[in-house]
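The next block holds one structure in the form of structure tokens; read it before the comments.
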Amino acid sequence: MKKFAFNTFATHTILLVAVLLAAIAVSAAQQTAASGAQKPHTAQAPPPRFRFENFTTVNGLPDNHVFSVLADGERIWAGTENGLAVYENHVWKTYTTKDGLAHRAVLSLALDKRTGDVWAGTMGGLSRISGGRIDSYTQLNSGLSNDVVYGVSIAGENVWVATAAGGCSLNTRTGQWTLYNERNTPMIEIWVYGVSAAQDKVYFAVWGSGLLEYTQKTGRWDKYEDPDGENEIVLFKDQGLIHEIVTSVSYVDNIVWAATYFGASRYDGRYWHNFLTKDSGLPSNFINYIKGVDANRAWFCTDKGLAYYDGINWAVYRPSLKDGKPEMTVRNAQGKVTPVAVTTAPAHNYVLGIDFQGDDIWVATAKGLSHGIRQQR
Amino acid sequence: MNRRFQSAMGAGLTSLAVALFAVALWTECPVRASGADDVDYASPLEVLLSPDGSRLYVLCQQSEEVRVIDAFTYAVIKNIAVGRVPRGISLSPSGDRLFVTNTWEDTLSVIDTRTLAVTATWPVGSEPSGVVEDRAGKHLFVANRISNDVAVLNATTGEEEKRLLAGRGSSYLSLSPDGGRIYVTHVYPNPSPHRTPPESEITVIDTARAVVVDRIPLHGVAGVFHLAFSADGRLGVVAEYHPKNLVPIAHLEHGGYFTDTLTLFGADVGQPVEIPLDELERYASRPFGVAIAPDKSRIFVTCEGSEMVTVIDVQRLLHFIHARPRPASGSFAYDLAASANYVIARINVGHDPRGLALNRSGSKLFVANRLEDTISVIDTHSNRVAATITLAGPKTVSAIRHGEQTFYTSRYGFQGQIGCANCHIDSTFDGITWNLEPDGFGRNIVDNKMLEGLKGTEPYKWNGGNPNIPTECGPRTEKYFWRAEQYDDATLADLSTYLRNLPTRPNRWKLPGREMTPAQERGLALFTRDTDKFGKPIAESNRCSYCHSGPKGTNQKLFDVGTHKPNDNGNLLKSAPLTEIALTAPYLHDGSAQTLEEIWTVFNPDDKHGRTNDLTKDELNDLIEYLRTR
């Protein structure tokens, strides 16, 4: 009996340990898979360096509050608080409501690469700029769900729109508007801050209602929420979306990059990987905008600078929070942060948008637009 | 019975007989289901010459075929059947393929010019019109009149790659001589604020990239048709109307309610400039087709309503443009003395001249007379019609045909200025609001209406003031529009017959059969509902389906829907038919609603135009999706 008892105890103990070990192993395997998926390369080039040239009202911008930026070949579009500015041949031109723009404050921009048309989400509707002509859609003159347009994205002939009263889409061929809100989607809050569309899926970043996924072929909606609910803590790392308050989303190479005011997430369709200041190179968990380069690389526009993640290393570009001097830091996989000597930085720490022009970047900030000219090493 | 009584009796009986005869004419004219009594007319709309000049391709809209004619002997080589109601025709740059757009079935016919057989029929956009292939043979560009865009097709497979935003009612395309640009015109003006001059554009497409790169504004212009280039590419010319819709039509007598103009652009003129074709008492009503002589000595313009070809001396024209101080607007449209400086001939041709083509040397000009089934051959040295090619078909003029000729001619208008088709382009509408009656500037503004499906929707006018088509088209038109010659009874009867029998084009939003999209079904439920969202009954007269009942969407009664303005004389309006309602913006009697949405989001604050203020935005969208199927 004693032996049996010992054996029973031992057996139970061994089983318990085995189960724990198995759980740890599964968890570790998941984490390995999640991080492994974003480590396709072993020899990592150092993060890019830029020389920043900044534009403000002094040199042609209509306003220093730049909400959005779009690179369109040699043209650069800047959505400001006081008009839509376009930079071409070293000259700025500004479109205003007099030209047909829906509202002076331009929050978001998207390029239809097939037609060359630019779509602008404003505080007063959605505008289409085509060959110099501006057609504007509002909640009064069209099927647009709301005049406050936070985000816009193009996929094929459909324009997907994020508004203060849900998402919607416009089929440019038929003219049909379709609205997405609490009545026909799992959206609880209808304050939609961002949208990213591809031919297969569309993602809506919903302020307070997580991330919504729409599969175009099936018409199916899926909702991704913070497993910890509205708690501002993370009980288990990489368990799911980092937070309910999603501010921006970027869907590229079948990978979802999601920004919140409490960190960022990467989702590959199966596994989540979250980024917080405490365990990544993010300069702040307060993220206004996110843009994926590909499955492994992304840019993060925060209230404390612009950050770049290459799958291993992080780089932060900003005027120093202490003295305002240009600053660039690099954080490697081991968490070691190294300053890089630079003489220029984005116009301001409060970064609201980014786009790519070849190797260069254009950065929208609260106090100007910045052109990051890639520097060769 | 005294003589006076007998005389009065006789006069009365005569009047009764005349009246009965007129009624008989109105009521007994044949009714066609889809073209009926004049289905055999050819109605040539466009003409093209083969690159070697040996063949004339004639696009016949009514017989729905391309007639291939020997350009020297005028003998028929072959008739090639195409699709329903063709409108656009062009040759591939090599001349080996002929493209024809078929507006009523939304297809493109591809014809092999060696075999003269249709080798492919490709689906395209809504009401395809102009078509052109790029020099590289990579893309076909098709202007879609209903969807206001230009479809870019793979020129080999016909597969549509994308659509480019064009002007409203985009219809005609021209390739620049170097092939680098495509210029697109449109027949309805782009949306513009209420009571402002119409705005149109020439949409400029980069051929290689297949993107819109520019839009040349045409201020004050509505109704823009063909465009041509000089061979050296330095002069572009576009045919258009310049309506003066902000002043009462009483001003027809004061120098024109429309000016018929050309806009010139390109290196020869610098900034685009608009020039009139009219001169007092000699109007060039409704310019449509335009061609420039190979040596750039002449411009030829067909003028539909005036049934003539206007000939312009280019050297004198350029001298005028450069010598005269140019108005700040860039337009000489209001100078009716201008055309005497450059118009050198006005050549009478047949009914409703449309497309035209010059031979390679520029010595012969072929003009398609749509409502006469003839081709005028003009000797450009003498500026005279040297020959007339008569196309095979009926030799008699049916009532409908006569009515159509009456509709398109401007001969009845004061000094020949305008015809019905000025405001009802291709028998539709024009997208413009007008100040028709002589009751003061800005009073009783009215939106122009669609003519399709007119029969059975009386009374006419927004205030229901005209009980039937003969009244609408007879005394009212004569009084307010023509201010001149009156129709005789037979002509008025034929015109009425033509209008009653105007067929309605296929609705592009309807699914086959009785199927509906989910949004359309939800919209129909809202259209027919009798209780609001709060469960309260909606009074019968405030339901959509009450006033807009029946197959044409009108119960033909008058209502006050709360949309009258201080400048309107009354507040009762006839419930408007819903036929093809999606196409006919702006809306409401005065065109104050720019879109269907605005009818309810802006102009229905008290729910007098139907109970709608309980609807959510997505429900309103559903209602509109349903209305677009009407």
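The values are calculated or read from the model by the stated rules, or taken from the named source; none is laboratory data. Model, not experiment: these values are computed from the prediction. Cβ placement follows ideal geometry from the backbone for every residue including glycine, while neighbour counts extend to all protein chains displayed. To get the accessible areas, we keep the full protein, side chains included, count just its heavy atoms, and leave off ligands, DNA and RNA. Shrake-Rupley method; radii C 1.70, N 1.55, O 1.52, S 1.80 Å.
In terms of accessible area, using a 1.4 Å probe and ignoring ligands and nucleic acids, A:D310, A:D303, A:D359 rank largest first as A:D359, A:D303, A:D310. Near the amide H of B:G464, within less than 5 Å, lie the amide hydrogens of B:K574, all on another chain or at least 5 residues away, with H placed in the peptide plane.
From its DSSP helices (H runs of at least four residues, each -39,500 (n - 2.57)), chain B gives a residue-normalised ellipticity at 222 nm of -4500 deg cm²/dmol. With each label modelled as a point 7 angstrom along the Cα→C-beta vector, the B:F441-A:Q199 pair spans 5.7 nm. For region A:118-236, the relative contact order is 15 percent, taking Cα pairs closer than 8 Å that sit 6 or more residues apart in sequence and dividing their mean separation by the residue count. Note on chain B: with neighbouring protein chains present and a 1.4 Å probe, carbon and sulfur make up 54 percent of its accessible heavy-atom surface.
Structural descriptor for region B:510-630: relative contact order 32 percent, calculated from alpha carbon pairs under 8 angstrom and at least 6 residues apart. Distance from the C-alpha centroid of region A:67-85 to that of region B:381-415: 55 Å, rounded to the whole angstrom.
Averaged over the residues of A:104-115, the number of partner chain Cβ atoms lying within 10 Å of the residue Cβ comes to 2. Size descriptors for region A:275-324, from the alpha-carbon set: Rg then Dmax equal 10.6, 35 Å. Region B:570-606 and region B:341-363 have their alpha-carbon centroids 41 Å apart.
With each label modelled as a point 7 angstrom along the Cα→C-beta vector, the A:K367-A:I233 pair spans 3.8 nm.
Calculation over all alpha carbon pairs of the protein assembly as shown in 20 angstrom steps from 0 returns a P(r) of 12, 37, 31, 14, 4, 1, 0, 0 percent. Summarising the amide proton neighbourhood of A:L107: residues at separation of 5 or more, or on other chains, whose placed amide H is nearer than 5 Å comprise A:G121, A:T122, A:M123.
For trypsin sites (Lys or Arg not before Pro), the sites in region B:394-441 that DSSP calls loop and that have at most 14 other Cβ atoms within 10 Å are B:K395. Solvent exposure of B:D426, expressed as accessible area, is near 40 Å², computed with a probe of 1.4 Å over the protein chains only.
Rg and Dmax, both from the Cα atoms of region B:125-255 and both in Å, are 15.9, 55. Quantify, in whole percent, the carbon and sulfur part of the accessible surface of region A:143-200 (1.4 Å probe; protein heavy atoms only). Solvent-exposed carbon and sulfur of region A:143-200 make up 48 percent of the total. Peptide B:621-630 has a mean shielding of 3, counted as Cβ atoms of other protein chains within 10 Å of each residue's Cβ. Once the convex hull of all Cα atoms in chain B is built, its volume per residue stands at 176 Å³.
Taken over the alpha carbons of region B:138-183 as equal point scatterers, the Debye sum produces base-10 log I(q)/I(0) values at 0.21, 0.22, 0.24 Å⁻¹ of -0.70, -0.75, -0.86. When nucleic acids and ligands are ignored and a 1.4 Å probe is applied, B:T115 ends up with an accessible area of around 80 Å².
Here's the list of lysines a cross-link from A:K201 could span, going by alpha-carbon distance under 23 Å and ignoring same-chain residues fewer than 8 apart: A:K113, A:K217, A:K223, A:K291, B:K162.
For peptide A:138-149, the mean count of partner chain Cβ atoms within 10 Å of a residue's Cβ comes to 4. Sorting B:311-319, B:504-512, B:618-626 by their mean Cβ neighbour count within 10 Å, with the most densely packed peptide first, gives B:618-626, B:311-319, B:504-512. Sorting B:H242, A:H65 by accessible area puts them as A:H65, B:H242; the probe is 1.4 Å, largest comes first, and only protein heavy atoms count.
Centre-to-centre, using Cα atoms only, region B:89-104 and region B:538-564 are separated by 46 Å.
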